[in-house]
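Inspection log for the structure reproduced underneath, given as structure tokens.
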């Protein structure tokens, strides 16, 4: 239940995925959307096409914020600390990240006075000019304590639930990201193309190379199930342009350090070499700033 005079939900991050979630949630209740700056907020006040409809968000700049009961972070991992401070200024009951990578420690360091947690989502959306195109319904898993956010997402038509084993689920999402994102960026293809030759052999190599490292860290999937998970996500989001591909095409900073870089750090700590991941890490860093 919303607190009087406050938004029940706010989203920090007005990129493709943030707009996709905000448009869905706004169909069933008020949601505040926080843009990266006043210029971006002003641009979005005219509305943006999200799928088949024009979405006119209740949009705010970081220097003119409302209050909100719950805040969802949907920004690039490199912007986590700043976004967390923005979230705290909304005076929330809790802050939930649905970002890539493993950023919960950063979130806790910045938001010491409220509950925080990192969930995962396999929802897909990408920009097509000024339009946002949803590209495959996925699952959104939340840590315990964010039941109210899960309920709101379900009411809006998203597949969402609280996952007791959220740490293992985050590792499964990292597995999906280290397999799909770099290859989509390097070959400039949508997710579904990675399931076909010649890309499929590299996709499988990345999964098989990452699996032992992530399994040791707590991934709750055997090797066959790990590959099946990646294939299932690529199939469900076949038409989606992975976030790293969108960044490369736009000349933006990528999340390769937070995604593949995180896996490489885990491997180094265990004395394991991941040559295929190291190669795609190096190549993506040459394509765009990290």
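Annotations
- Residues that are part of a strand (DSSP E or B), more than 15 Å from the chain's Cα centre (by Cα) and surrounded by fewer than 24 Cβ atoms within 10 Å (Cβ to Cβ), drawn from the range 106-117: none
- For the residues 103, 120, the requirement of being free of Cβ contacts under 8 Å to residues at least 60 places away in the same chain and within 14 Å of the chain's Cα centre (by Cα) singles out 120.
- Failed condition for residue 135, given (1) more than 19 Å from residue 171 (Cα to Cα); (2) at pLDDT 95 or above: (2)
- Residue that is nearest to residue 15 (Cα to Cα) [pool: residues in the range 244-290 that are over 17 Å from the mean Cα position of the chain (by Cα), outside any helix (DSSP H, G or I) and in contact (Cβ under 8 Å) with a residue 24 or more places away in the chain]: 251
- Apart from one condition, residue 206 fits all of (1) at pLDDT below 95; (2) surrounded by 20 or more Cβ atoms within 10 Å (Cβ to Cβ); the exception is (1).
- Scanning the range 118-134 for residues that are touching a strand residue (DSSP E or B) at 6+ places or on another chain (Cβ under 6 Å) and part of a loop (DSSP other than H, G, I, E, B) yields 119, 122.
- Count of the range 87-100 residues, restricted to those that are closer than 17 Å to residue 13 by Cβ and either over 11 Å from the mean Cα position of the chain (by Cα) or in a strand (DSSP E or B) (or both), is 9.
- Candidates 142, 65 - the one that is crowded, with 24+ Cβ neighbours inside 10 Å, modelled with pLDDT of 95 or more and in contact with a strand residue (DSSP E or B) (Cβ under 9 Å, 6 or more places away or on another chain): 142
- Which listed residue, of 248, 189, 213, 231, is within 26 Å of residue 17 (Cβ to Cβ), touching a helix residue (DSSP H, G or I) at 6+ places or on another chain (Cβ under 6 Å) and not assigned by TED's automatic domain parsing to the domain that holds residue 99: 248
The values are calculated or read from the model by the stated rules, or taken from the named source; none is laboratory data. Every value quoted in this text rests on a predicted model; they were computed, and no experiment measured them. We place every Cβ from the backbone using ideal geometry, glycine too, and count neighbours over all the protein chains shown.
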